[in-house]
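These notes concern the structure reproduced below.
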Amino acid sequence: MTRRPLALAAALSALALVTSACGGGSNTTTADGLTSVTYVTTATVPGSTQIALYAVPKQMGYFKDEGLNVDLKTANGSSAALQVIAAGDALATNAEVASTMAAAEQGVQVKTFGSINTSFPWKIGIPTGSSIASPADLKGKKIGVISLASGSNLFTRSFLNENGIDPDKDVKILPVGQGQQAKAALDSGQVDAIALYAELFAQLEQTGSTFTYLDNPALFDAMPSIAFTASSRTLGGKDRELLVKYARAAYKGLMFARLNPDAAIDMGLKTFPELAGSNGDTPERRKELVTLLKAWMSTSTPQTDDPSSWPAWGELTDAQLKKAAEYAVSTGQVKKEPNITDVFDGSLIKDINDFDHDAVIKAAQERKTGS
């Protein structure tokens, strides 16, 4: 199962040309009887999302158990990935819920069908020792975002609006990138705070930076961010069962990764050797990757220690989706709140969760790295 760059359909008119084989291009059967499908991920380089939702289910045989041969493609962001699945070139993707709502408003036939990030991952970090102690203290300050076209900027503007701060008058929002570029902007005083998601802050903390985090407004409490998304035609067509099978295997992988992140990183490195970086597969690099995976999972899985008590994977309530809709409106991604049934199909959740949770728990508890 190879990963290859993806040529994206540029025009919305092309999105209407969805064939009956919208489960990922043309579904073929391999020599060993598996159905080949394509999953498109919204990142051009592998990270924690790809480890949990692709590498683990691949290495553990969860895809094969579902009768699937899964090919992973990449797209640069949610909007590009949504074009791909709407055009019938992939089975599903992991897209921002607000982006899916925006695409649907423009007539793109896509729907969310199960959550991945169960809590909002973005936050505003303040360097330890700063005089900024509350959102009100941001007035007159400079806030760094990844780029002005990123979700980082949308989140920051919404955060400020929710706290009664005018993002156009009361603060300066500056693009500073991420990683060492963002750290340099903060260390030099170019900005006073930065807006990133949990995994990116974890990266900076590994280099010695320390932060305090401002509390997000109530709008973001339990608000979904990233979710499985598919073509509306696939959800209502003959390939609907393929979505169930893929998501079931992926959620097994997520559950496994939450319980045994060390083994998950081992499988991630086998699937994506480039994760090792320039210095190769070292204990130090593995420790870094485990830290990043845990940071990502802090917004992607239930946080109780007893996995047998975890709720059904993928469930989204109307209240959660309404919050996402309010966010999409407040950030200008949509003109008006959509009808929930136009952007979400929760009818697959029961079947997706029809697997032996205890078996996954046992496998995660018993798995050793290197095996």
Helix-only mean residue ellipticity at 222 nm for the chain, each DSSP H run of n ≥ 4 adding -39500 (n - 2.57), per residue, nearest 500: -10500 deg cm²/dmol
Using Cα pairs closer than 8 Å and at least 6 residues apart in sequence, work out the relative contact order for the chain, in percent. 24 percent
Long-range HN-HN contacts of Phe211 with modeled amide H, under 5 Å: Thr128
Long-range HN-HN contacts of Ala92 with modeled amide H, under 5 Å: Val40
Points 7 angstrom from Cα along the Cβ direction at Val45 and Glu284: gap in nanometres? 1.8 nm
Let me spell out the model: positive unit charges on the Cβ of Lys and Arg, negative unit charges on the Cβ of Asp and Glu, origin at the Cα centre of the stretch 96-164. What dipole size does that give, in debye rounded to 20? 200 debye
What ³J(HN,Hα) values, in whole Hz, does the Karplus curve 6.51 cos²θ - 1.76 cosθ + 1.60 give for the stretch 315-323 when θ = phi - 60°, with x put for Gly and Pro? 5, 9, 8, 4, 5, 5, 5, 5, 4
Short version: ³J(HN,Hα) in whole Hz for each residue of the stretch 275-284, in order, from phi by Karplus 6.51 cos²θ - 1.76 cosθ + 1.60 (θ = phi - 60°), x for Gly and Pro, what are they? 4, 5, x, 5, 8, x, 7, 10, x, 5
By how many nm would the segment from Asp168 to Ser131 lengthen if fully extended, with 0.36 nm per residue of separation less the alpha-carbon distance? 11.1 nm
Pick out, in residue order, every one of the trypsin sites (Lys or Arg not before Pro) in the stretch 245-352 that is DSSP loop and has at most 15 other C-beta atoms within 10 Å; say none if there are none. Lys335, Lys336
Can you say what percent of the DSSP beta bridges in the chain, counting only those with both residues inside, are antiparallel? Round to 5. 50 percent
The set of residues whose placed amide H lies less than 5 Å from the amide H of Thr74, leaving out same-chain residues fewer than 5 positions away, is Arg4, Leu6, Thr41
Leaving out same-chain residues fewer than 8 places away, which lysines sit with a Cα under 18 Å from that of Lys169? Lys139, Lys141, Lys142
In nm, to one decimal, how far is the modelled label at Gln190 from the one at Asp354, with both set 7 Å along Cα→Cβ? 5.4 nm
Please count, across the stretch 251-371, the pairs of lysine residues with Cα atoms under 21 Å apart that sit 8 or more places apart or on different chains. 15
Tell me, what ³J(HN,Hα) does each residue in the stretch 183-195 have, in order and in whole Hz, if you take phi through Karplus 6.51 cos²θ - 1.76 cosθ + 1.60 with θ = phi - 60° and put x for Gly and Pro? 4, 4, 5, 6, 5, 7, x, 4, 9, 9, 7, 9, 10
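Bear in mind that the values in this text are calculations on the coordinates, not laboratory data. The shown structure was predicted, so the numbers you read here are calculated from the model rather than taken from an experiment. No Cβ is skipped: glycine too gets one built from the backbone with ideal geometry, and neighbour counts run over all protein chains shown.
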